[in-house]
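> Mind looking over this structure? Questions follow.
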Amino acid sequence: MMDKSELQRLAQDKLKDYLFIVVSNREPYIHSWVGEEIRYSRPASGLTVALDPVMQACGGIWIAYGSGDADREVVDKEDKISVPPEAPQYILKRLWLSKEEEEGYYDGFSNQALWPLCHIVHVKPKFDEKDWNTYKEVNQRFADAVCAEVGEKNAFVFIQDYHLTLLARKIKEHCPRVISAQFWHIPWPNYEAFRICPWHEEILDGLLANDLVGFHILHHCNNFLETVDRILECRIEREKYAIVRKGHSTFVRPFPISVDFHEVSGRASGEEVTKEMERLRHQYDLRQEFISIGIDRLDYTKGIPERLKAIDLFLSKNPEYEGRFTFVQVGEPSRVHIDEYKKINEEIGELIDEINWRHFRGRWRPILYIKEHLSPLTLVALQRLANFSIVSSLHDGMNLVAKEFVSSRLDGDGILILSRFTGAAQELTEALLVNPYSVDAITEAIKKAVEMPEDERRRRMSKLRAVVQENNVYSWAGNIISEIAKFEFPEG
Ligand code: GDG
């Protein structure tokens, strides 16, 4: 187990003479106009939630796209701002994208081609040459921003995710003294699935410019090695989990991402959260015997319709729970310009109306839908209120919501129903693991959850908490930093 101060010591020790740069599409703090006032918020993104505490511990520069409508108002002339705004620990450098760039690179190639390509949920990827060209240009713009910071320095660059597959190659063309690692936050599919991308070779070539490529689980590492082996001419050193190509080695490793267990536990304790729980009970009339919760970015990979159908079936099969059970679905709309996302939003809204209509009694509705961005305090208060949480992703790299639920349950109670097709299912084996494609299986798990005796609930939760406490986000970052610190900078 590692904590923030240990990570800080490790980072200071390993990175002391080097510049540390993180690059991602999404920024950790977004400034927006609220009336005449500028306020900031943290986005609902697993990646930024995990990396912000790491950057607070390590310091350095985080380069990301400035997406807030007031972002330009608060930066200096180098487009930088110190964050967290209330207690600065590192620098956020914002990069600006035009509407056309955002459409082609973000909505287009990243989220309509790569996202469905890597998540096996049977949504067809859309490959558009124009989007691909914009994606390449934007990767170049990120590379220029990184190189401007690096100059002649020795730098570790830690690249995030599928939006920036060409970045390492482009950086190294100009700054060969950089050591780079890339973390892939989503699943890596098998060769058969990946090869349908018309630009599969360029993408692999870009990723292999990194010295280290990380995935959440070993299965994704193996898929990646096999994909590379079958597409590119190279040597795979299986025992070392390394790919050697044109004299350069790229190491491939699993690093299961996690949450800041102590921060979430801390947020979930104390008077403020008790008041917030009371406020929520009052505002939404959440006084039923059983409360269940689902928290997601509204995405078709998260299996939201499947869990709603399971709630419907559970109530139809077990009518004695009508009036005694409420499921709260928190959903922050995401990627709203993309048709598939519009469709899933409509489907979820219609299903909830239909299910509520079928089962309602007086004031009581089985499903409460909160379709908005909630504060971190409200999220933990809801998690504390719940008897059980349902995470039913059809495919998910890790899923931090599952780990946040566990971290928030300092009362030692609560049940997690978790899809087997999440990275988290590999560690959280004391959850009730389900196949989310089977509505019957989720329904059975709900029945088991409402009937589970307290001693079993506590036994399972205590094991789950021990796992998340041990493998927290600082251990994740510490393992990656220890790994990159083993690389030697090229001479000259
Ligand atoms: C990708 C991968 C991987 C949600 N609603 C609100 C809110 N959230 C927060 C949650 C959680 C985060 O957003 C979502 O993280 P996930 O990990 O569950 O999912 P993705 O965004 O799809 O993340 C995933 C992750 O990257 C990290 O590698 O685990 O597999 O898909 O932290 O709590 N936060 C706030 N208000 C909300 O309404 N403040």
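The values are calculated or read from the model by the stated rules, or taken from the named source; none is laboratory data. What you are looking at is a predicted structure, and each value in this text was computed from that prediction instead of being measured. Neighbour counts run over all protein chains shown; Cβ positions are idealised from the backbone, glycine included. For the accessible areas, the whole protein counts, side chains as well, though only heavy atoms, and no ligand, DNA or RNA atoms are used. Shrake-Rupley method; radii C 1.70, N 1.55, O 1.52, S 1.80 Å.
Residue-by-condition table, conditions (1) touching a residue at least 40 places away in the same chain (Cβ under 8 Å); (2) closer than 24 Å to E427 by Cβ; (3) open to solvent by less than 30 Å² (accessible area, probe 1.4 Å); (4) among the acidic types (D, E):
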| position | (1), (2), (3), (4) |
| --- | --- |
| H185 | yes, yes, yes, no |
| N190 | no, yes, no, no |
| L207 | yes, no, yes, no |
| L212 | yes, yes, yes, no |
| H216 | yes, yes, yes, no |
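> Got a number for residues in the stretch 406-421 being outside any helix (DSSP H, G or I) and within 12 Å of the ligand (Cβ to nearest atom)?
3
> Also, I was wondering about something else. Output the residues belonging to the stretch 389-402 that are more than 9 Å from the ligand (Cβ to nearest atom) and either outside the structural domain of E444 (by TED's automatic domain parsing) or crowded, with 24+ Cβ neighbours inside 10 Å (or both).
S389, I390, S392
> Of the residues R281, R297, only one is more than 14 Å from the ligand (Cβ to nearest atom), touching a residue at least 12 places away in the same chain (Cβ under 8 Å) and open to solvent by 10 Å² or more (accessible area, probe 1.4 Å); which?
So the residue among R281, R297 that is more than 14 Å from the ligand (Cβ to nearest atom), touching a residue at least 12 places away in the same chain (Cβ under 8 Å) and open to solvent by 10 Å² or more (accessible area, probe 1.4 Å) is R281.
Here is a yes/no grid of residues against (1) outside any loop (DSSP other than H, G, I, E, B); (2) farther than 26 Å from I338 by Cβ; (3) assigned by TED's automatic domain parsing to the domain that holds Y437:
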residue: G104; (1), (2), (3): yes, no, no
residue: G108; (1), (2), (3): yes, no, no
residue: W115; (1), (2), (3): yes, no, no
residue: H122; (1), (2), (3): no, no, no
residue: F127; (1), (2), (3): no, no, no
residue: D131; (1), (2), (3): yes, no, no
residue: V138; (1), (2), (3): yes, no, no
residue: D144; (1), (2), (3): yes, yes, no
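> Within the stretch 422-456, restricting attention to residues that are of a type in the set (S, T, Y) and more than 16 Å from the ligand (Cβ to nearest atom), which residue is nearest to L400 (Cα to Cα)?
Applying the filter and picking the extreme gives T429.
Yes/no per residue for (1) surrounded by fewer than 17 Cβ atoms within 10 Å (Cβ to Cβ); (2) within 20 Å of G397 (Cα to Cα):
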site: C175; (1), (2): no, no
site: A181; (1), (2): no, yes
site: H220; (1), (2): no, yes
site: D229; (1), (2): yes, no
site: E233; (1), (2): yes, no
site: E239; (1), (2): yes, no
site: K246; (1), (2): yes, no
site: V264; (1), (2): no, no
site: E271; (1), (2): yes, no
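> Being outside any helix (DSSP H, G or I), open to solvent by 10 Å² or more (accessible area, probe 1.4 Å) and in contact with a strand residue (DSSP E or B) (Cβ under 8 Å, 6 or more places away or on another chain) is the filter here; which residues of the stretch 146-157 pass it? Lay out the reasoning, then the answer.
Initially, the stretch 146-157 is screened for residues outside any helix (DSSP H, G or I), giving 151-157.
Applying the additional criterion that residues be open to solvent by 10 Å² or more (accessible area, probe 1.4 Å) yields 151-154.
K153, N154 - these are the residues of the stretch 146-157 that are outside any helix (DSSP H, G or I), open to solvent by 10 Å² or more (accessible area, probe 1.4 Å) and in contact with a strand residue (DSSP E or B) (Cβ under 8 Å, 6 or more places away or on another chain).
> From the set of residues in the stretch 322-371 that are basic (K, R) and within 16 Å of the ligand (Cβ to nearest atom), which is farthest from V450 (Cα to Cα)?
R335
> While we're on this one: Only residues in the stretch 372-385 that are over 13 Å from E278 (Cβ atoms) and charged (D, E, K, R) count as the first member; pair them with residues that are open to solvent by less than 40 Å² (accessible area, probe 1.4 Å) and outside any loop (DSSP other than H, G, I, E, B), Cβ under 9 angstrom, at least 6 apart or cross-chain, and list the lot.
Sorted first by the residue in the stretch 372-385, then by its partner, the pairs are E372/V330; E372/G331.
> Could I ask something else about it? Mind checking whether some residue in the stretch 403-426 is in contact (Cβ under 8 Å) with a residue 24 or more places away in the chain, touching a Ser or Thr at 6+ places or on another chain (Cβ under 8 Å) and open to solvent by 50 Å² or more (accessible area, probe 1.4 Å)?
Taking every residue of the stretch 403-426 in turn, at least one turns out to be in contact (Cβ under 8 Å) with a residue 24 or more places away in the chain, touching a Ser or Thr at 6+ places or on another chain (Cβ under 8 Å) and open to solvent by 50 Å² or more (accessible area, probe 1.4 Å).
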